[in-house]
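Structure first, then comments.
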Amino acid sequence: MNQKPGLKCVGGTALAEKPKQAGFDNKQVTLPEVLQKVRNRAFEDLHQMLEAMFYQADDMFFEYARKAGDSSSQDACLEVMREFRLKRKEFEKSLFTDIAKRFKNLASNVNGGRPSLESVGGLDGLSLMDTEEVEQSVAIETMVSKARDAFGTSLYQLHTRLDALMIQATVDKSNNPLDPQQICESFKQATQVVECEIKYRLIFFKLFQRYVLDSYDRLIDNCNFFLAKSGVLPDLKGTPTKLRKASMRKAKAKAPAEQVAAGSASAQVAASSMEAANEFFAQLQGLLASVRDMTNAIGAAAGPIGSLSAQAREVASSELMGMLSNIQSAQPRGEDILTGAVQARLNVRNTLTNLLKQQEASVGPQKVGQADTDVINLVSMLFEFILDDENLPVQVKALIGRLQIPYLKVAIADKSFLNAGAHPARKLLNELARAGIGLNDQSDQIINDMVFKKITDVVQKVLNDFSDDISLFNTVLADFSEFMQREVRRSEMIEHRTKAAEEGRVLSETAKKEVALALKEKVEGRLLPTVVAKIIDGPWSNYLYLIYLKQGSESKAWAVALKTVDQLISSVSPVQNEVDKKTLFNIVPALLKSLRAGFSTISLNPFETGELLNDLEQIQMQVLRGEKPEYMHDIDKGEEPTDKLLDAVAKDMAPEADEPEEENQSPIVHHTDKVARLDITKKIQEAPKPELPTLSNDDEHWKKVQQLQVGAWLELTQNEQKVRCKLAAHIKSADKMIFVNRSGVKVLEKTQLEIAYDLKSEKLLMLDDSLLFDRALENVIANLRNVRSKD
């Protein structure tokens, strides 16, 4: 076994600090014997897991085919299943080959395939990922995160033991071939053997999650056990598999007594929660009682629900729940929302009164009890606030409004709904509102939005399935939260790319301005030969641009490059005496070397490099011989050379698109396509914007802009259409605020002052994305207190 210097592999866990070696030839590397056995052990376990996965694959594909809406979708799903089964051996070969390659890369200290920042192609590489790649990346990130959370201790042990085993590489989650990230990447590569749509490819991912990653601790523990048995950090801290199982057996032996204690504690907590809920509801009832004769002022009707007769029987809560369930079953099923028609608001009091009146002939006069009436009034006011809330699109509010009856049943059955922030029904409502805030309310757009479709599905499931079992909300909430996590990850990935591209564009524009200003300072007031103008205006300005992007204007490289400009100008300036001639003779070799190095850095065509330096050397020889070189003003007498050069440099470094050459233009040769341009975005031609007057620091709209945080949602009214967008980035150096839509794609770019004026003119509206139910409850309580205080 290879052993690192100072490493205690047997009987301890001490790891001495050691240097890592690099530069191994991958073709000549042989895996250490222990690592080979670990790999083979892992392959055996992985093969068994894949057996289970393939065994269950048909069932899952058949289930998806059964749920498909039409025969063509069913046939496509079954064809993918058949293709997957036929190419099983090819799939397994690709998977195991890629994992084996990662083991070999680990032994040779080779990057396992992740591209470096430079390999992306500089700022040009900041392009948005295609949809399928995003889908797969999100799926992998979700699976990896779940596996690491579940098996974190075992993975840490495996990373540490492999790191101790390897001499030439530092092993961690980024290069451990058995880390969930690496396994998932290998799996993703292997699925390419089957060509299919992304929705079917994601079925593969679900199978892999369920039958491989969910039981992946078996593979990790077996590898850890084998390494420890081989003497690699056998005493590493952390509970080994056998000890963990023993602990579980001991826990089961003590379970009866502990369960009794736990049950007692749980009962105490439940009793305490119920007491708090009843106390809170009693306070709300007190508020309602104090304004009962003035309830019209707060949007609720006065008086009892049902018969006004003194002999009227109070309807039991269980009977009321049955009546509400009948109303719930009559709710529309979503089609009117999808076609643009919005449901009218439901008046629960009137509906119940009519039902009780219809039953009066057979069962006599009835009315709803005061406690249940108070609950109905409270929930009605809560949903009135929600339906009036301007922060949500109309269609989303209409969908949430349909949950009034189910939520009324929840409030009657469980008073903790009103005061417990963690109540699943309350959390679900808040999550639905949070998801809907970023949706645009144009019907042609929202009906095709996956988030809106999911909200619709959630509402329909509650309407269809909820009777009185509140655990349904836990199930629905878990499913919706998992869906939104995938959506958020996807949009965050695109948003990150958008932000990086915008920051790159700002940096590019700033670099061009800085280069133009620096060169202006150097050449202003000087007479320059044509070849010097060509160098400064073309390759050297690009070289300065590149230095600014990579190192900035405070770097040594920037100062050296500007000094080279000074030397270049000095090398073609007339000499006055022998001392000047000797100085020039001494600087020319170093100058040519610096120029050649700069040209090489920007990959200037070698032919063009030779041509420019040859022309420069001829001018320098003329100066050394005391001859007068041909200056720019000798070619064109009509314009000062400094103005021509400055105009050329400024034009060349400007971010706008190049304009066609005009007659009588300076004979300066601009850079050509032989020099790679570094600009990552194309400047969009826009009409010049009028300059806005500055606002005082006390201006309310300016204050709002100053307080605007990244992640805040706004609604923009433009051309009579409303667009919802989120602040993704505030690039302070350029005073640019970048806004993206729900998918992370840029939709708006404005300065702080422009945002303030748009707020002032109400073109922009700030949206409140805080917890909807909490805001509604606070509003209801505040209104009740205000009405009471006016009495």
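Points worth noting:
- Count of region 550-574 residues which are over 20 Å from THR530 (Cβ atoms) and surrounded by 15 or more Cβ atoms within 10 Å (Cβ to Cβ): 5
- Single residue of region 164-194 satisfying the filter (surrounded by fewer than 19 Cβ atoms within 10 Å (Cβ to Cβ) and without any contact (Cβ under 8 Å) to a residue 40 or more places away in the chain) that is farthest from PHE483 (Cα to Cα): ASP172
- Within region 56-98, the set of residues being more than 20 Å from ARG210 (Cα to Cα), hydrophobic (A, V, I, L, M, F, W, C) and in contact (Cβ under 8 Å) with a residue 24 or more places away in the chain comprises ALA76 only.
- Residue within region 349-356 that is in contact with a helix residue (DSSP H, G or I) (Cβ under 6 Å, 6 or more places away or on another chain), surrounded by fewer than 22 Cβ atoms within 10 Å (Cβ to Cβ) and either at pLDDT 90 or above or on the phi > 0 side of the Ramachandran plot (or both) present: no
- Residue-level check: of (1) assigned to a strand (DSSP E or B); (2) open to solvent by 20 Å² or more (accessible area, probe 1.4 Å); (3) touching a Phe, Trp or Tyr at 6+ places or on another chain (Cβ under 7 Å), ALA728 misses just (2).
- Given (1) in contact (Cβ under 8 Å) with a residue 24 or more places away in the chain; (2) open to solvent by less than 20 Å² (accessible area, probe 1.4 Å), number of the condition ARG742 does not satisfy: (2)
For every residue, the table says whether it meets (1) farther than 30 Å from LYS726 by Cα; (2) of a type in the set (A, V, I, L, M, F, W, C); (3) assigned to a helix (DSSP H, G or I).
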{"residue": "ARG505", "(1), (2), (3)": "no, no, yes"}
{"residue": "ARG526", "(1), (2), (3)": "yes, no, no"}
{"residue": "ALA533", "(1), (2), (3)": "yes, yes, yes"}
{"residue": "TYR545", "(1), (2), (3)": "yes, no, yes"}
{"residue": "GLU554", "(1), (2), (3)": "yes, no, no"}
{"residue": "LYS563", "(1), (2), (3)": "yes, no, yes"}
{"residue": "VAL575", "(1), (2), (3)": "yes, yes, no"}
{"residue": "VAL579", "(1), (2), (3)": "yes, yes, yes"}
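- Single residue of PHE84, PHE91 found to be modelled with pLDDT of 90 or more and part of a helix (DSSP H, G or I): PHE91
- Within region 771-791, residues that are in a helix (DSSP H, G or I) have Cβ atoms under 7 Å from residues that are basic (Lys, Arg) and modelled with pLDDT of 85 or more in these pairs: PHE773/ARG426, counting only partners at least 6 apart in sequence or on another chain.
- Residues that are surrounded by fewer than 17 Cβ atoms within 10 Å (Cβ to Cβ) and within 20 Å of GLU195 (Cα to Cα) within region 60-70 comprise PHE62, ALA68, listed in sequence order.
- Qualifying residue in region 692-706 (condition: under 28 Å from the mean Cα position of the chain (by Cα), more than 30 Å from LEU378 (Cβ to Cβ) and assigned to a loop (DSSP other than H, G, I, E, B)): no
- Exclusive hit being closer than 19 Å to LEU387 by Cα and either surrounded by fewer than 21 Cβ atoms within 10 Å (Cβ to Cβ) or touching a residue at least 60 places away in the same chain (Cβ under 8 Å) (or both), set ALA398, ALA435, ALA413, ALA420: ALA398
- Summed over region 403-449, residues that are in a loop (DSSP other than H, G, I, E, B) and either at pLDDT 90 or above or of a type in the set (A, V, I, L, M) (or both) total 6.
- Here is the figure for region 515-534: residues that are touching a residue at least 24 places away in the same chain (Cβ under 8 Å) and out of contact with any Leu (no Cβ under 8 Å at 6 or more places or on another chain) total 6.
- Considering region 456-492, the residues that are farther than 15 Å from GLN331 by Cβ and among the aliphatic types (A, V, I, L, M) include one that is surrounded by the fewest Cβ atoms within 10 Å (Cβ to Cβ), namely ALA478.
- Test: residue in region 215-230 that is of a type outside the set (A, V, I, L, M, F, W, C), over 14 Å from ASP45 (Cβ atoms) and surrounded by 15 or more Cβ atoms within 10 Å (Cβ to Cβ): yes
The values are calculated or read from the model by the stated rules, or taken from the named source; none is laboratory data. Values in this document were obtained by computation on a predicted structure and should not be read as measured data. Note that we place each Cβ from the backbone using ideal geometry, even for glycine, and neighbour counts take in every protein chain shown. Accessible surface is based on the protein model in full, side chains and every heavy atom, while ligands, DNA and RNA are left aside. Shrake-Rupley method; radii C 1.70, N 1.55, O 1.52, S 1.80 Å.
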